[in-house]
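The values are calculated or read from the model by the stated rules, or taken from the named source; none is laboratory data. Model, not experiment: these values are computed from the prediction. FYI the Cβ positions are ideal-geometry reconstructions off the backbone, even for glycines, and counts take in every protein chain you see.
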Amino acid sequence: MTAPIVIAGGGIGGLTAALGLAQKGYRSLVLEKAPELGEIGAGIQLGPNAFHAFDWLGVGDAARKMAVYIDSLRLMDAMDATEIVQIPLGNDFRKRFGNPYAVVHRGDLHGVFLKACRDHELIELRTDAEVVDYDQDGSSVSAILANGERIAGSMLIGADGLWSNIRKRVIGDGAPRVSGHTTYRSVIPVEQMPEDLRWNAATLWAGPKCHIVHYPLSGWKLFNLVVTYHNDAPEPVAGKPVEKDEVRRGFEHIADLPRSIIDMGENWKLWVLCDREPAANWIDGRVALLGDAAHPMLQYMAQGACMAMEDSVALAHEMAAHDGDAGRALPAYQERRRLRTARVQLQSRFLGDHVYHPAGAHAELRNAYMRARTADDWYDAIQWIYGGTGLKDGAEAIG
Ligand SMILES: Cc1cc2nc3c(=O)[nH]c(=O)nc-3n(C[C@H](O)[C@H](O)[C@H](O)COP(=O)(O)OP(=O)(O)OC[C@H]3O[C@@H](n4cnc5c(N)ncnc54)[C@H](O)[C@@H]3O)c2cc1C
């Protein structure tokens with residue numbers, strides 16, 4: 001039997017890579033450093049491109065069952081509590097992009113992928129297995145674990161996230177860029193959300209150097225709260241518990257209604273966000289990067305996980321198209337994905353600067369510009385990202 005494709009990382013990227021490869025008949029071994037496979041308890045937004053990917057990964061029905069289908073993307077001005085724009089996500093949107101826009105609990109989504117992986121005979125999952133390095137020759141690659149064990153594979157996919165060990169070897173471009181934006185997350189029971197804010201929308205309140213996002217989750221049982229403050233935080237942080245008073249501090253200047261959302265949150269946790277410049281190359285022989293390891297981005301387009309899923313579909317597609325020959329499949333995969341993901345990385349930063357966080361005349365310009373556009377204008381503007389699958393500039397269906 002040929003050696004499996006080894007995948008470092010069992011997050012959304014790693015599990016979907018395994019599923020995509022299995023759909024095309026390739027065996028894989030997922031190595032996850034944590035003692036258990038899982039996701040943090042927070043929400044995630046899914047554009048239609050995620051649903052295209054679900055179908056290609058063989059989990060379309062299960063993933064659709066977990067989602068809350070929201071009516072609109074709603075942008076509010078956090079200074080005067082007026083609406084700036086509402087992009088409808090009803091029938092016209094679904095018809096245009098072939099799939100819905102939805103929000104889902106990360107744990108539920110990861111659970112769908114995990115079950116599909118566990119049920120598939122071509123996928124093996126292993127925990128407590130941190131990949132620290134690799135070496136390779138012309139015919140195989142070995143993943144080297146923290147305990148010194150070597151695991152042979154026909155290829156190695158680095159789906160090991162923002163702080164990827166595999167990236168250190170493939171690109172070696174140092175630590176990620178610290179954005180200085182601090183995000184606090186909380187998930188609350190729906191009854192705790194102020195009644196006049198229980199909107200069936202992914203809502204974003206934009207204020208000077210800060211913004212607040214909320215949407216319902218898990219069959220409308222929960223509300224996801226994500227609030228971000230551009231406070232020039234200098235160090236990366238992930239998931240540190242913080243007191244409510246600390247969260248309130250960045251939002252003292254905004255209107256009462258959006259500020260009241262922070263009071264409703266509990267068990268707040270803090271992340272200092274990081275991203276990277278787009279990279280020119282993600283491959284080294286039989287080794288390739290995928291998901292956040294390849295193209296970490298700020299969450300402002302809500303596309304990091306969607307891009308990881310698209311990567312997985314593209315990788316599987318190119319493997320099949322090149323008869324599993326890593327030397328041809330991996331460069332083809334990279335070329336399909338590199339510029340599209342670079343665009344999302346850079347546009348995510350742009351949204352932070354020009355839509356989510358501007359003040360004064362800059363914010364007035366945002367409001368005037370955005371209010372002047374129709375739903376069709378918005379659909380045209382997002383066609384490149386939602387209209388396709390990420391293959392061939394997003395315009396081609398995956399065959
Ligand atoms: C606040 C916030 C909100 C977001 N909202 C959205 C959204 O709405 N929509 C969206 O699409 N995206 C969103 N994202 C982005 C999304 O969460 C990430 O892009 C996505 O989770 C990346 O998946 P991944 O599998 O590539 O990496 P990760 O999720 O980081 O998974 C990497 C996995 O690899 C493991 N690992 C790490 N190192 C090793 C190693 N050396 N060996 C073995 N295992 C290892 C880790 O334990 C982890 O399980 C958001 C991100 C943030 C921070």
Exercise. Somewhere in the stretch 154-171, is a residue over 23 Å from the mean Cα position of the chain (by Cα), within 27 Å of residue 276 (Cβ to Cβ) and either assigned to a loop (DSSP other than H, G, I, E, B) or modelled with pLDDT under 95 (or both)?
Worked result: no
Seminar exercise, completed: Expected output for the stretch 165-180 (first residue within 21 Å of residue 32 (Cα to Cα), partner part of a helix (DSSP H, G or I), Cβ below 8 Å, 6+ apart or cross-chain) is 166/293; 167/293
For this session: Filter the stretch 319-336 for residues that are farther than 10 Å from residue 20 by Cβ, in a helix (DSSP H, G or I) and touching a helix residue (DSSP H, G or I) at 6+ places or on another chain (Cβ under 6 Å) and give the result.
Result: 329, 332, 333, 336
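Rundown of residues vs (1) within 13 Å of the ligand (Cβ to nearest atom); (2) touching a residue at least 12 places away in the same chain (Cβ under 8 Å); (3) in contact with a strand residue (DSSP E or B) (Cβ under 7 Å, 6 or more places away or on another chain); (4) in a helix (DSSP H, G or I), yes/no style:
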residue: 274; (1), (2), (3), (4): yes, yes, yes, no
residue: 278; (1), (2), (3), (4): no, yes, no, no
residue: 300; (1), (2), (3), (4): yes, yes, no, yes
residue: 305; (1), (2), (3), (4): yes, yes, yes, yes
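Can we say residue 87 is in contact with a Ser or Thr (Cβ under 7 Å, 6 or more places away or on another chain) and β-branched (Val, Ile, Thr)? Spell out how you get there, then give the answer.
Numbers: in contact with a Ser or Thr (Cβ under 7 Å, 6 or more places away or on another chain): yes; β-branched (Val, Ile, Thr): yes.
Spelling it out, residue 87 is indeed in contact with a Ser or Thr (Cβ under 7 Å, 6 or more places away or on another chain) and β-branched (Val, Ile, Thr).
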For this session: State which residue is farthest from residue 297 (Cα to Cα) when the search covers only the stretch 219-241 and only residues that are buried (at least 19 other Cβ atoms within 10 Å of the Cβ) and of a type outside the set (Val, Ile, Thr).
Result: 222
Exercise. Which members of the stretch 329-365 meet the condition of being charged (D, E, K, R) and surrounded by 21 or more Cβ atoms within 10 Å (Cβ to Cβ)?
Worked result: 336, 337, 340
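Evaluate the stretch 200-207: report whether one residue or more is more than 15 Å from the ligand (Cβ to nearest atom), at pLDDT 95 or above, touching a helix residue (DSSP H, G or I) at 6+ places or on another chain (Cβ under 7 Å) and not basic (Lys, Arg). Spell out how you get there, then give the answer.
Keep residues of the stretch 200-207 that are more than 15 Å from the ligand (Cβ to nearest atom), which gives 200, 205-207.
Subsequent filtering for residues that are at pLDDT 95 or above retains 200, 205-207.
In the following step, the residues that additionally are touching a helix residue (DSSP H, G or I) at 6+ places or on another chain (Cβ under 7 Å) were identified as 205-206.
So of that shortlist, the ones also not basic (Lys, Arg) come out as 205-206.
Yes, the conditions are met somewhere in the stretch 200-207.
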Problem set entry | Positions within the stretch 53-66 being farther than 15 Å from residue 17 by Cα and crowded, with 22+ Cβ neighbours inside 10 Å, in sequence order | 63
For this session: Would you please list the contacts, defined by Cβ atoms under 8 Å and residues six or more apart or on different chains, that run from a residue in the stretch 339-350 that is of a type outside the set (A, V, I, L, M, F, W, C) to a residue that is surrounded by fewer than 17 Cβ atoms within 10 Å (Cβ to Cβ) and modelled with pLDDT under 95?
Result: 340/393; 343/384
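On the basis of being in contact with a Leu (Cβ under 9 Å, 6 or more places away or on another chain), closer than 20 Å to residue 105 by Cα and either touching a residue at least 60 places away in the same chain (Cβ under 8 Å) or within 11 Å of the ligand (Cβ to nearest atom) (or both), does residue 14 make the cut?
Numbers: in contact with a Leu (Cβ under 9 Å, 6 or more places away or on another chain): yes; closer than 20 Å to residue 105 by Cα: yes; either touching a residue at least 60 places away in the same chain (Cβ under 8 Å) or within 11 Å of the ligand (Cβ to nearest atom) (or both): yes.
Yes: the conditions hold for residue 14.
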Seminar exercise, completed: Checked 37, 89 against criteria (of a type in the set (A, V, I, L, M) and within 12 Å of the ligand (Cβ to nearest atom)); the one match is 37
